[in-house]
Every structure is written in structure tokens, then in C-alpha cells.
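In what follows, a single structure is set out as C-alpha cells and then discussed.
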């Protein structure tokens, strides 16, 4: 996926296998492994507040990757991602509460059931595109929200439902420190699956149908199948992310899954970079951390500008909106592109050629 | 190569858009291994004919037979899987993908891995399969001399190279019949010569039957085995290049004189 122009000199690939790796160079792979090791050490040093943010980035990142496969790679639009995220959370809690299925199995099962729901709501995508599809997915957001509010047996209605903590061999991952590892494991696996998908046959079919659907069809790609499949895969990611969210908070209620969260998911992938796996994670981190940074900033400014702290809630929301607008104007390819530019700059530093 | 067997047969194809008759009862056969050209003035229905063969349009009347089977009801992707490849008149590359990925998309119907086995790339054989096909794609890249741009983003390439990548992508389908819609439009002499050589090689060495639409009469007369001439949606002639050159109807269609065949339509 990385652009060839940024491969440092002295890197000679002698097999096709080496030319199709996820990480373009051994150094970048080593950095990724190092980052992973460092992340494993995070719970030992981070405060509870920081861990909470890291876990948020984890489960939102998984769901955002699903949306990025749908919107960024396949070129479809979905305004209902939060509803699928919520469906995953409720399903996992329900499977655990009603049937006693251990949370360990309930999370992937919730992902699969959300996939089925996503496939059903994805059927319109086989026929319609663009703005019309946006409205159709908007409808799925409201249908599911309404379902959450009314289906007492499934969601606990307005009271919400309890989600037990994640457990494995009798050990409960109820603390932030331990749950961090659960989310990290899921994040790594889901991102590897996503990166693999995008470098194999069906991932290419998604991108082909985004770039030029008429010639994709002439290349032998069944448009309807892949449009709907993309919705299914995106819902799977949303379901897994949602289930992790539910078992983290211990309590799932419908208010968390409004259209606002759907828009935030879109914001994450726009800021991160449409169609970029790595960018998804960057965009999610940006969107999760931005309000926190605003909060810290406002508190520091509170001494100088009284009244700022009263407007905090407003400032947080406005900052998200502003960030999306600024990214669309100045960096439409997202943080992933900016990151590539930075790498390219350092490769040549201090000479420009 | 079985010279006599026809790989494609169009039987009384008519295509109508509202009141406009793009094609009227056009019938022709293309033999296995032939390099067949369709020519005609602008708006004669050449691309419409190609679209009927590749499945983009469904003819209002008539049937298309490919390898002896009626493919008229099939969708374009089903036709691709049966060995029908094509390029477009206006470039239709996947502009944000690399050249390599563009060509790999052509292998779509030959690859067996799906989103599940693809996601677990290393286990389930997806990697082995991808690499095997990468090898085949590299042969095509070598043949079309685009190895220096294999990692470039398709949308950034100059026109002549994009045309070549598009040809590579169609070749990657491993088609028995390849449809080329103006492969040399807008090219300079050198690029045209290269392209003509690729087409002849595809036909002779890769064993593909070719149907080509082209306006450059020099190239068409030089490399085609047989030529069909369309005018106002009607077939006015088909035959060997020499016959077409001396055909009165064809001359008149191109020079715009009054002609009884065309007169009936107009």
C-alpha cells in the first residue's frame, strides 16, 4: 500500500513475496513490532485516565476500520455505522446474559450477527449510490435506534442492559490494565485481517469498484455482490468494536449510538485518510484525543479568560467540526498522507533531491 | 488453432435508444484466431456493437453467441469469466490503484481466494495463489514493456502508458477474445507502431482472437485479417482488407456521397 517512491535506496526485493508485505521495509516492520512491545508496557506506567483513552482508541479504531473499508475503499457511504456498533454491543451483552455464552465467545458471535444485520441493510447498496445510499443508510440508523428503544427483551429498553466483564479461564479482565490487553489483541488481529483483505482479491475488487465500477464489471467483478459484501464486512468490524465497548463500560444503553457517533466515525476516517488502514488508527486517535486536549487547554486558559470553562462543552463539539472542515480543505488525504510526506522529507533530509 | 470454427457470432443485433437506432440487424462472425476490425465513420455504432458483445448494453433484438453459447442474457462479469476481455475508448483505469493492482484486478475471475481466505493471507493458501498470479501478471508487464511503472499510481501516468496498462489489464483476464476500442486513438506514430506490434503479438503468439475498432486506416488495413464496415448502424461491407479498400459503399460512406444503402436508412 505504501507508495514505491518512498522506499529507501538499498532495498532490493528479490521475491514477489517480499514485494507484497504489509510493511514495505524491514525497518518499518521492526518499528511496528517495537511499537507493539511498547504498547504492551503501557498499562504498567499509564494512569487510569490515559488507559481509558487508549482503550477508547482501540474499540473505536476497530469500528472505524470497518467504516473505512466501506467508505474509503469501496467508495460507498454509510451514515448508520453507530447503529451497527450499538447492535454489536447489545448482541454481545444479550448473548452473555440470556444464554450464558462466555464473553470470550460472545464478542466474535456478536460480530457475526451484526454482519448478518449489516448484509440486510446493505441490500439497497446493490441498487443505489451516492446521496441516495446515504439516505438509505441514514434510515438504517433510525430503524436500529428505534429497535434499541423498543426491544426490551433484547436491549433492556430505556433501562439499558448489563454487560459482564471479559473473562478467560476464570480470570476477569475487569480492570482497565487488563482490559487494555484484550482490546490491543483485538485491534492487532482486526487490523492485520483488514490489511490482508485489502491486498488480496476481494480487497482489490472493492477498490476497483470504487474507482471505476463499469470497468470493474468488465473485469469480472460482480458489482452487487461486492457492494453488499462491503457492508457486511464493515458491520462485522462495527459489531466487534461495539461488543468491546459494551464489555468495557459494563453497561450498554441506546443513547450512546446516535447519528452523532456515526458522524464521528466518518470524521475519524476522513481525518485519518480514506482507504488507509494505518490512517484509520491515526484518525481515531485524533478524534478521541482532540476533545481531551481542548479540555486541558481550556482549563489552562480558564485563569486568563474567565467564562471559557463554561463554554467547554461547546468548544469540544466545535473543535471536532472545525477539525473536519480544516482537514477537508488542507489535507483531504488525511493524516496518513501527511505521515507519508514526513517520511519522504526525512528520507531526503537535508537535501531536497 | 481451428481456423474454421467461429468464436463469436452476432445474429441480427439491433439496438435502439428511444427513437435512435444505433444498430440495425447487424450479423457477423469472427473466426477463432482472427484479428477482426470494425471500422466506420463517427456515430456508425461501432462502440455500441462492442458494448453489446461485452454486455454493457443488451441488444433490443438479436443474439450474441460466444464459443457456441448464447451469452445475450449474461452480465458483463459473467462474460469476463467465460473469457471475454475488453478495453475502453475513454480510459477506464482504476486511477487510484497502482499499475500492478490494476492488472491484478484482471485476474479476479481466475483467483479463488475470497474475503475470508484473503484476510488470513498466510494460512489458507491465499498468499501462494496471489504470488502465482503475480508471476503471470509480470509476464504481461514484461510483454507490454511497462515494468518501470508497475508501482506507479495509474492516474498519474501519461496517456500512452495508460492505454498500455489498460491493454495489460484486459490481457490479464486471459481472454480467448479481446475487444479493443480504439487502442491507438490520440497516439503518436511511435506509440501506434508499438501498439500495433502488441496487438499482432497478442493475436499470433498469445493466441487471442481480437476484435478491434480503429480509425487509423493504415494500421487497420495492415494488421487485420478481416474487416467489417458499419455506417448508420448498418453493416455495409465485410471482407478482406483488399476487398474493403475497393468497395464502393465503403468509399462513399467515408467520402459522404449519396449512396443507396445509406439513403434507405436516412
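The values are calculated or read from the model by the stated rules, or taken from the named source; none is laboratory data. All figures in this text were calculated on a predicted structure; none of them were measured in a lab. FYI the Cβ positions are ideal-geometry reconstructions off the backbone, even for glycines, and counts take in every protein chain you see.
Some points to look at:
- Residue A:294 vs. criteria assigned to a helix (DSSP H, G or I) and surrounded by fewer than 19 Cβ atoms within 10 Å (Cβ to Cβ): yes
- Qualifying helices (runs of 4 or more DSSP H) (wholly inside the range A:140-216; at least 1 residues being within 22 Å of the chain's Cα centre (by Cα) and either surrounded by fewer than 22 Cβ atoms within 10 Å (Cβ to Cβ) or free of Cβ contacts under 8 Å to residues at least 12 places away in the same chain (or both)): A:176-198, A:201-211
- For the range B:90-107, the candidate set comprises residues that are within 19 Å of the chain's Cα centre (by Cα), surrounded by fewer than 23 Cβ atoms within 10 Å (Cβ to Cβ) and more than 7 Å from chain A (Cβ to nearest Cβ); within that set, the residue that is farthest from residue B:137 (Cα to Cα) is B:90.
- Single match in A:183, A:189 (criterion: out of contact with any strand residue (DSSP E or B) (no Cβ under 8 Å at 6 or more places or on another chain) and within 14 Å of another protein chain (Cβ to nearest Cβ)): A:189
- Restricted to the range B:105-182, the set of helices (runs of 4 or more DSSP H) holding at least 1 residues that are within 30 Å of residue B:9 (Cβ to Cβ) comprises B:126-143, B:159-172.
- Boolean, residue B:178 is in contact (Cβ under 8 Å) with a residue 40 or more places away in the chain, within 12 Å of chain A (Cβ to nearest Cβ) and farther than 27 Å from residue B:68 by Cβ: no
- Test: residue B:130 is within 22 Å of the chain's Cα centre (by Cα) and without any contact (Cβ under 8 Å) to a residue 60 or more places away in the chain: no
- Number of residues in the range B:121-133 that are facing another protein chain (nearest Cβ under 7 Å) and surrounded by fewer than 19 Cβ atoms within 10 Å (Cβ to Cβ): the value is 1.
- Residue in the range B:62-85 that is surrounded by 21 or more Cβ atoms within 10 Å (Cβ to Cβ), more than 14 Å from chain A (Cβ to nearest Cβ) and in a loop (DSSP other than H, G, I, E, B) present: no
- The residue list A:43, A:26 contains one member that is out of contact with any helix residue (DSSP H, G or I) (no Cβ under 8 Å at 6 or more places or on another chain) and either at pLDDT below 95 or surrounded by 15 or more Cβ atoms within 10 Å (Cβ to Cβ) (or both), which is A:26.
- The number of residues in the range B:134-165 that are crowded, with 24+ Cβ neighbours inside 10 Å, more than 24 Å from residue A:196 (Cβ to Cβ) and within 11 Å of another protein chain (Cβ to nearest Cβ) comes to 0.
- Residue check: residue B:110 meets all listed conditions (1) more than 11 Å from every other protein chain (Cβ to nearest Cβ); (2) touching a residue at least 24 places away in the same chain (Cβ under 8 Å); (3) touching a helix residue (DSSP H, G or I) at 6+ places or on another chain (Cβ under 8 Å) but one, namely (1).
- Test: residue in the range B:201-212 that is assigned to a loop (DSSP other than H, G, I, E, B), under 19 Å from residue B:85 (Cβ atoms) and either within 14 Å of chain A (Cβ to nearest Cβ) or in contact with a strand residue (DSSP E or B) (Cβ under 7 Å, 6 or more places away or on another chain) (or both): yes
- Of residues in the range A:127-137 being in contact (Cβ under 8 Å) with a residue 24 or more places away in the chain and crowded, with 17+ Cβ neighbours inside 10 Å, the one nearest to residue A:82 (Cα to Cα): A:137
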